[in-house]
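Okay, structure first, notes after.
Readers should treat all values here as calculations from the given coordinates under stated rules, not as data from a laboratory. Because the structure is predicted, anything quoted here is derived from the model rather than measured. Counting neighbours? That spans all protein chains shown, and the Cβs are built from the backbone with ideal geometry, glycine included.
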Amino acid sequence: MSEEIQIFTQQHLDECASLFIEVFNSEPWKESWDFEKAKFLLSQILNTPNCVGLILQQQNIILGFVIGYCEQRDKGKNFFLKEMCVRSNQQRQGIGTKLIQNLIYQLNQAGVNLIYLLTMKDEYTEEFYSKNSFQSSSRMIIMTKNLE
């Protein structure tokens, strides 16, 4: 069964929203997404200028996707990797790595010099991104303020 990587387009939104719910409503995230919110989020990202997204499918079933957007910074172009997920029953089989490698290739072609992302502090997510040559930033932190 051959896998195929394609550009993430509007036609993939419904299936990717369902996949997003499957992954992020499960361990370790345990979030509470519904279809409309997940689809709206992915649509927002997809419609952001300079969006780059990829899907990996096998036999016309999407097994994973990665999506984000490029932005100009003072020292060049950065890519904000907004969302990435792989079907729960397909994780740890190289799908995420294939998506990241293809994304890196495309971003290199586009002259991007940095990818950054936010992810849950969890041994599996950190292990995955570290394995793919990402590292924690010594210069940046995340700060939040609850408005409720």
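List of remarks:
- Leading residue by the ranking (surrounded by the most Cβ atoms within 10 Å (Cβ to Cβ)) among those in the stretch 13-37 that are hydroxyl-bearing (Ser, Thr, Tyr) and within 23 Å of Lys121 (Cα to Cα): Ser26
- Residue pairs whose Cβ atoms lie under 8 Å apart, sitting 6 or more positions apart in sequence or on different chains, and linking a residue in the stretch 136-148 that is touching a residue at least 12 places away in the same chain (Cβ under 8 Å) to a partner that is surrounded by 10 or more Cβ atoms within 10 Å (Cβ to Cβ) and among the small types (Gly, Ala, Ser), do not occur here.
- Enumeration of residues in the stretch 105-148 that are over 13 Å from Cys70 (Cβ atoms) and aliphatic (A, V, I, L, M): Leu117, Leu118, Met120, Met140, Ile141, Ile142, Met143, Leu147
- Residue in the stretch 111-124 that is nearest to Gln101 (Cα to Cα), counting only those that are free of Cβ contacts under 8 Å to residues at least 60 places away in the same chain and among the hydroxyl-bearing types (Ser, Thr, Tyr): Tyr116
Results for (1) within 17 Å of Glu15 (Cα to Cα); (2) in contact with a strand residue (DSSP E or B) (Cβ under 7 Å, 6 or more places away or on another chain), shown as yes or no for each residue.
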| position | (1), (2) |
| --- | --- |
| Gly53 | yes, yes |
| Ile61 | yes, no |
| Leu103 | no, yes |
| Asn146 | no, no |
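- Any chance Asp74 is in contact (Cβ under 8 Å) with a residue 40 or more places away in the chain and of a type outside the set (A, V, I, L, M, F, W, C): no
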